[in-house]
1. For the chain, what is the calculated [θ] at 222 nm in deg cm²/dmol (nearest 500), taking -39500 (n - 2.57) for each run of four or more DSSP H residues and dividing by its residue count?
2. Starting from the Kirkwood radius over alpha-carbon pairs of segment 1-54, derive D by Stokes-Einstein at 10 °C in a medium of 1.306 mPa s and give it in µm² s⁻¹.
3. For the chain, give the percent of accessible area contributed by carbon and sulfur heavy atoms, probe 1.4 Å, rounded to a whole number.
4. Could you compute the net charge surrounding Ser88? Neighbours are other residues with a C-beta less than 15 Å from the C-beta of Ser88; K and R count +1, D and E count -1.
5. What do you get for GluC sites (Glu not before Pro) in segment 3-91 restricted to DSSP loop and a cutoff of at most 16 other Cβ within 10 Å of the site's Cβ?
6. Under 19 Å Cα-Cα from Lys35, which aspartates and glutamates qualify once same-chain neighbours fewer than 8 residues away are excluded?
7. Compute the relative contact order of the chain as a whole-number percentage, counting only Cα pairs closer than 8 Å that sit 6 or more residues apart in sequence.
8. Work out the length of the dipole vector of segment 1-78 about its Cα centre, built from +1 on the beta-carbon of each Lys and Arg and -1 on the beta-carbon of each Asp and Glu, and round it to the nearest 20 debye.
Amino acid sequence: MTARHVFYTGRVQGVGFRYSTKRIASGFDVTGWVKNLPDGRVELFAQAFEVEELEAFLEDIQRSSLGSHIKEREVKLVAADPSLRGFSIVR
């Protein structure tokens with residue numbers, strides 16, 4: 001299992017970013033979560049059994065209408081969390 005921790009900067013809050021990300025995730029075999037941060041960024045944790053599946057999910061976020069709101073994307077390779085189920089919006 002492989003995982004990524006991603007921080008999105010730009011006009012990423014107040015544009016349906018979290019809900020759109022959850023919708024995109026439903027088309028992939030990924031688990032994780034997405035949440036707004038107090039500093040205006042959006043934080044994402046996503047994991048998948050196949051690295052190609054995870055990368056395709058992250059690329060779909062960039063290629064979607066959300067891409068126009070993203071100014072910067074910081075991606076870190078992190079340890080997976082096998083206890084996660086589904087993909088959720090964290091408040």
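1. -7500 deg cm²/dmol
2. In µm²/s, the coefficient is 137.
3. Taking all protein chains in place, the chain shows 49 percent carbon and sulfur surface.
4. Within the 15 Å Cβ shell, the charges total +4.
5. Those that pass, being in a loop and sparsely packed, are Glu50.
6. List returned: Glu43, Glu59, Asp60, Glu72, Glu74, Asp81.
7. Answer for the chain is 47 percent.
8. The calculation lands at about 440 debye.
The values are calculated or read from the model by the stated rules, or taken from the named source; none is laboratory data. Remember, it's a predicted structure, so these values are computed and weren't measured experimentally. Because the Cβ atoms are built from the backbone with ideal geometry, glycine has one as well, and the counts that use them run over all protein chains shown. Just so you know, the surface numbers come from the protein's heavy atoms only, side chains and all, with ligands and any DNA or RNA stripped out. Shrake-Rupley method; radii C 1.70, N 1.55, O 1.52, S 1.80 Å.
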